[in-house]
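Please read the structure below before turning to the comments.
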Amino acid sequence: MSNFIPMPATLVGVRQVTDKEKLFTISLDNGKNIKHRPCQFVIVSISGVGEAPISISSPPTDSGKVIELCVRSVGNLTGAMHRLSVNDKIGIRGPFGNGFPIEKIEGRDILIVAGGLGLAPLRSLIKYVNNERKRYRRFILLIGAKRPADILFKEEVTKWDEDPGIETHITVDAAEPPWNKNVGVITGLFKYIDIDPLKTVAAIVGPPVMYRFVIRELLAKGIFEGNIFLDLERRMRCGLGKCGHCQINGIYLCQNGPVLSYLEAKKLQEAL
Amino acid sequence: MDVTVEYNDIDRFILALQSRYNVIAPVSKDGRFIFDLIDHPSKVSPKYDSTLLPPVKWIYPNDEALLEFDLKDAAKIKEITESNKQALLFVHPCDVNAINIMDEILAEEPSDVNYLKRRWSTVIIGYECLGPCKENILCFDKSYHIAYSGFDLFFTDIGERYYVQVASSTGKEIIEMIGGLKKAGFSDKTELFRVRDERKMRFKKSIHGNMDMLSHMLKEAYNDEIWNIEEKKCLSCGACNIVCPTCYCFDVVDEICPDMEKGTRYRRWDGCQLHGFCKVATGENFRKTAAERVRHRVFKKEVYLKKRFGRSGCVGCGRCIDHCIANISLIEIFNKVFDRVREGV
């Protein structure tokens, strides 16, 4: 069968996350589980509108049968998705991409840096690590957003913030009272954390402009280049390593990415 | 066993081929040539220079339907894969090699089923180039002026008759179906070797440098001034992408029928030279300048595909040079890359 044929799926839940983003809970009509890894993505299809790649926000360890997609309405397909409601049908292809190398990080300190919408794909990793908390050592979360109202998954972020097992630091670019946490760019949070560079693995997702600054902070802390993982997002059409849109230098992100270590990414001039 | 076809027997050959296949052959149109579906053998021009679009586009057509959908029932989706039996007739070696490259790219897992189905139902009949077909070619520099595989039958003009190499079981079946063709004898083979030997003297190199080093030289020139010079010329029209026999980038688009009930999802050719090719919904453009895009096109063929498949992804047909309204030339770029190193920049 052609790789372009989407699997029929149903929206079993739609929830407003912020004023711009919605969280869609999706289950496949064939009753199967979309077996995915944290930071993989699916291609969502709406007949008559088209297709778009969306990161999976739910961890593979949660309830199994459904996936959650956190979507901001910015383009044709995401706009159409926002007009859908529970029980509406969509199509799903995937999951695509390599996902986060979860096998390699067991027993390590995990540092996660999420800027803005970057929390959408990283939530799958955060929840995965949190569900299997015993297999990891320290767990540090740095979360940044434009304004307090833009923070995704606020209830969960509050829960992580209150959890003594997770060291959470949150910042926003601008805020008014009653905001009592940090104000400023995400790199400003690095002064609060003291890490063991030889034992730490970092995962970064955020707007394109954020990567260089955060990587510089992490390198300054002494983290090995191969232990810094970036989830790079590009325009994608096919998910099959063919259509060419997600190509950065010689690699197709939809197949060889979207997660690359900085050690790999720094050899690709177009990556950062 | 190879055969020969007399010049005056070629119409019978094509007519017989038409009984089993849609025959796509070079035909003259407004003073140029295109590969088109023919209705009569008299339309075919075996002696053509180069075609506007490469023949591979008949295996990888624009706006190829991928699936049909029903707006009333979102779960109703019908897969479309087409596989008409077609024969590409008189394909030059550069284009045969281009199809070989496309086969490799699109058969790589996860494979492109739509392409492969069409490819499997396509017969390829090559036509030897015994000299350069036009200006602005690099096939000889790249040794793509000869095709060693990727065809079912291969025609070489040896004077008064064609020498036809039978290279596959499908090719053999076609020869048996046509019938009455003479087996190639000793004198035919001698003549074949003679004309092939003379070919060497007719081609001349366009690039003043060792092509085996090109990939390496380009990597050295990644941040060179060359790309900025090309940027000033490039209009980002994407013509080079469209005429390239190894360009395969595409977009996926939905179109709704006028009845507002059904529609089709198409694969539409896209081009990496277009401004919005790498632009995402939030506005970021990951290849903003024409310099980056021109460099990407050159690197994709000469560095990235070469690394993946061990050979250059550009067959040197020169179509991108002929059709560039801004006169951007791969030959010029490659020569500059070699000059740059010679001058010790």
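The values are calculated or read from the model by the stated rules, or taken from the named source; none is laboratory data. Small disclaimer: the values here were computed from a predicted structure and weren't measured. In this analysis, Cβ positions are derived from the backbone assuming ideal geometry, glycine residues included, and neighbour counts consider all displayed protein chains.
Tabulated data
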{"quantity": "Every residue from segment A:203-262 that is part of a helix (DSSP H, G or I) and among the aromatic types (Phe, Trp, Tyr)", "calculated": "A:TYR211, A:PHE213, A:TYR262"}
{"quantity": "B:CYS278 being in contact with a Gly (Cβ under 6 Å, 6 or more places away or on another chain) and not hydroxyl-bearing (Ser, Thr, Tyr)", "calculated": "no"}
{"quantity": "Qualifying residue in segment B:42-61 (condition: touching a Lys or Arg at 6+ places or on another chain (Cβ under 7 Å), farther than 30 Å from A:GLY50 by Cβ, among the acidic types (Asp, Glu) and touching a residue at least 60 places away in the same chain (Cβ under 8 Å))", "calculated": "yes"}
{"quantity": "Qualifying residue in segment B:170-178 (condition: assigned to a loop (DSSP other than H, G, I, E, B), more than 14 Å from chain A (Cβ to nearest Cβ), at pLDDT 95 or above and surrounded by fewer than 21 Cβ atoms within 10 Å (Cβ to Cβ))", "calculated": "no"}
{"quantity": "Test: residue in segment B:45-56 that is facing chain A (nearest Cβ under 10 Å) and surrounded by fewer than 16 Cβ atoms within 10 Å (Cβ to Cβ)", "calculated": "no"}
{"quantity": "Residues located in segment B:51-90, provided they are modelled with pLDDT under 95 and of a type in the set (Ser, Thr, Tyr)", "calculated": "B:THR81, B:SER83"}
{"quantity": "Out of B:LYS232, B:LYS200, B:LYS219, sole residue that is out of contact with any Lys or Arg (no Cβ under 8 Å at 6 or more places or on another chain), in a helix (DSSP H, G or I) and within 14 Å of another protein chain (Cβ to nearest Cβ)", "calculated": "B:LYS219"}
{"quantity": "Number of the condition not met by A:GLU156 [criteria: (1) of a type in the set (D, E, K, R); (2) within 26 Å of A:ARG212 (Cα to Cα); (3) in contact (Cβ under 8 Å) with a residue 12 or more places away in the chain]", "calculated": "(2)"}
{"quantity": "All positions within segment B:73-91 that are facing chain A (nearest Cβ under 10 Å), surrounded by fewer than 17 Cβ atoms within 10 Å (Cβ to Cβ) and not aliphatic (A, V, I, L, M)", "calculated": "B:ASP73, B:LYS76, B:LYS78, B:GLU79"}
{"quantity": "Near pairs, Cβ below 6 angstrom, 6+ apart or cross-chain, from segment B:292-313 (facing chain A (nearest Cβ under 9 Å)) to any residue that is part of a helix (DSSP H, G or I)", "calculated": "B:VAL303/B:SER215; B:VAL303/B:LEU218"}
{"quantity": "Some residue of segment A:7-23 being surrounded by fewer than 21 Cβ atoms within 10 Å (Cβ to Cβ), of a type in the set (Ser, Thr, Tyr) and more than 20 Å from the chain's Cα centre (by Cα)", "calculated": "yes"}
{"quantity": "Total residues in segment B:240-261, condition surrounded by fewer than 18 Cβ atoms within 10 Å (Cβ to Cβ) and either touching a residue at least 24 places away in the same chain (Cβ under 8 Å) or assigned by TED's automatic domain parsing to the domain that holds B:HIS323 (or both)", "calculated": "3"}
{"quantity": "Residue within segment B:3-19 that is buried (at least 17 other Cβ atoms within 10 Å of the Cβ), under 30 Å from B:ASP251 (Cα atoms) and polar (S, T, N, Q) present", "calculated": "no"}
{"quantity": "Count - residues of segment B:308-321 that are out of contact with any Asp or Glu (no Cβ under 9 Å at 6 or more places or on another chain) and at pLDDT 95 or above", "calculated": "2"}
{"quantity": "Subset of segment B:108-132 that is touching a Gly at 6+ places or on another chain (Cβ under 9 Å) and either small (Gly, Ala, Ser) or within 16 Å of B:VAL164 (Cβ to Cβ) (or both) - its residue that is surrounded by the fewest Cβ atoms within 10 Å (Cβ to Cβ)", "calculated": "B:VAL123"}
{"quantity": "Hey, A:GLN16 in contact (Cβ under 8 Å) with a residue 12 or more places away in the chain, more than 14 Å from chain B (Cβ to nearest Cβ) and over 22 Å from B:PHE69 (Cα atoms) or not", "calculated": "no"}
{"quantity": "Given (1) farther than 30 Å from B:PHE277 by Cβ; (2) within 14 Å of chain B (Cβ to nearest Cβ), index of the condition A:PRO207 fails", "calculated": "(1)"}
